[in-house]
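The values are calculated or read from the model by the stated rules, or taken from the named source; none is laboratory data. Remember, it's a predicted structure, so these values are computed and weren't measured experimentally. Note: ideal-geometry Cβ built from the backbone for every residue, glycine included; neighbour counts use all protein chains shown.
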Amino acid sequence: MKEDKPIQHNHQTRRNISKFTNPVIYLLLISVSYMLGYLSSSSTHNTTTTNTTTAIQLTPPSSSTKTTTNTASSTSSIPTDSLDHFRFSARCGKAVSPELIRQTILYKLYNGTSPYNEFPPPHISSLIKQARIKGWGSKGAVFENLIRKVKPTTIIEVGTFLGASAIHMAELTRSLGLKTQILCVDDFRGWAGFRDQRFKDIQMVNGDIMLMYQFMQNVVYSNVTELILPIPFSTQSVLDKFCEWGVLGDLVEVDAGHDFHSAWSDINRAYKLLRPGGVMFGHDYFTSADERGVRRAVNLFARVNGFRVQVDGQHWVIDST
Ligand SMILES: C[S@@+](CC[C@H](N)C(=O)[O-])C[C@H]1O[C@@H](n2cnc3c(N)ncnc32)[C@H](O)[C@@H]1O
């Protein structure tokens, strides 16, 4: 019986409408409903605009030392859970002094011995080339510009592949007479399908790709084993551990995953590792990889933390000073 009610009501309505046969009243009714429709549509539009504006105006998490100048008032209306993506809550331990960085890493990750000892082991030497060094923009002017400017004692490279940019930085620091340790964070898995074409020659044994061994061989070949250490784990886990251990850098290069979420996570975690006056930078601000999200992540990071993005060739640079 309950379901009959609306039908009865509709019949009643139709009866009422049929009374308005006068054309003036009819026209009046049409105008009123048109105006009501217009008003309700513009109010929907306004709501959307307001939401978009609010999303753009998110402010940095309270732990950040930098603040934007024009956004503080807008967060009060945002539910706190909307800010979760902006929170990277790791708290860094006391900074390890630069001269102890290498020793700290050897102790924490390599049982206190150099991974280059007796490298390459006999079962690997036939699987790698004497040198196979290939990167992208790995010798861009940005490296020399920043190394000359910052004179880093520690460089953290997030994304290393075969070591082209790391080896270039090691050679630069050596030629400038600096004592710099370069920590190369990479899981040394490349990316799904990377052996399809140009890197077919990187050998695989039982599904295990020889990327880390080839990288290490490149470092040995370039005679920079004292300057470079591989850190063969996921960027997320290493950057959080470095923060906990107090392993910080004067220069941090971010060049690992190029999709927005990877870049966003790496950039936020890497920023925590900067020593005072440190500089963070990365590739693919203007290349096709930027469309996957590098530039979007860099710009968002800069905006919510009140930094200016500088550009050096195809690299982005964020100077924390
Ligand atoms: C573009 S390459 C780095 C190139 C290098 N900087 C150069 O210029 O020679 C990106 C590297 O990031 C690494 N990578 C990507 N996502 C990673 C992740 N989540 N954890 C660890 N390494 C990752 C890949 O294994 C790959 O070697």
(request) Tally the residues that are in a loop (DSSP other than H, G, I, E, B), more than 14 Å from the ligand (Cβ to nearest atom) and touching a residue at least 24 places away in the same chain (Cβ under 8 Å), restricting the search to the range 199-208. (result) 2
(request) Among residues belonging to the range 225-234 that are within 14 Å of the ligand (Cβ to nearest atom) and surrounded by fewer than 21 Cβ atoms within 10 Å (Cβ to Cβ), point out the one that is nearest to the chain's Cα centre (by Cα). (result) Ser234
(request) Being within 12 Å of the ligand (Cβ to nearest atom) and not in a loop (DSSP other than H, G, I, E, B) is the filter; apply it to the range 171-198 and report the residue that is nearest to Pro98 (Cα to Cα). (result) Ile182
(request) Give the range 173-199 a look and list any residue that's more than 24 Å from Tyr110 (Cα to Cα) and in contact with a Ser or Thr (Cβ under 9 Å, 6 or more places away or on another chain), or say none. (result) Thr173, Arg174, Leu178
(request) List every residue pair whose Cβ atoms sit under 7 Å apart, with the two residues 6 or more apart in sequence or on different chains, where the first one lies in the range 126-149 and is under 22 Å from Ala256 (Cβ atoms) and outside any loop (DSSP other than H, G, I, E, B) and the second, anywhere, is more than 12 Å from the ligand (Cβ to nearest atom) and among the polar types (S, T, N, Q). (result) Ile147/Thr173
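Among the listed residues Ser265, Ser222, Ser237, identify the single one that is in contact with a strand residue (DSSP E or B) (Cβ under 9 Å, 6 or more places away or on another chain) and within 15 Å of the ligand (Cβ to nearest atom).
Within the list Ser265, Ser222, Ser237, the selection yields Ser222.
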(request) Scan the range 191-212 for residues that are touching a strand residue (DSSP E or B) at 6+ places or on another chain (Cβ under 8 Å) and among the aliphatic types (A, V, I, L, M) and jot them down. (result) Ile202, Met210, Met212
(message) Being touching a residue at least 40 places away in the same chain (Cβ under 8 Å) and within 23 Å of the chain's Cα centre (by Cα): is that true of Gly163 here?
(response) yes
(message) Being in a helix (DSSP H, G or I) and over 17 Å from Val219 (Cβ atoms) is the filter here; which residues of the range 150-170 pass it?
(response) Val150
(message) For the range 229-321, give me every one of the strands (runs of 3 or more DSSP E) that falls completely inside it and has 3 or more residues that are touching a residue at least 12 places away in the same chain (Cβ under 8 Å).
(response) 249-254, 274-282, 315-319
(message) Quick test for you: out of Val252, Val279, pick the one residue that is β-branched (Val, Ile, Thr), more than 15 Å from the ligand (Cβ to nearest atom), modelled with pLDDT of 95 or more and in contact with a strand residue (DSSP E or B) (Cβ under 7 Å, 6 or more places away or on another chain).
(response) Val279
(message) Tally up the residues in the range 109-125 that are assigned to a helix (DSSP H, G or I) and not hydroxyl-bearing (Ser, Thr, Tyr), please.
(response) 4
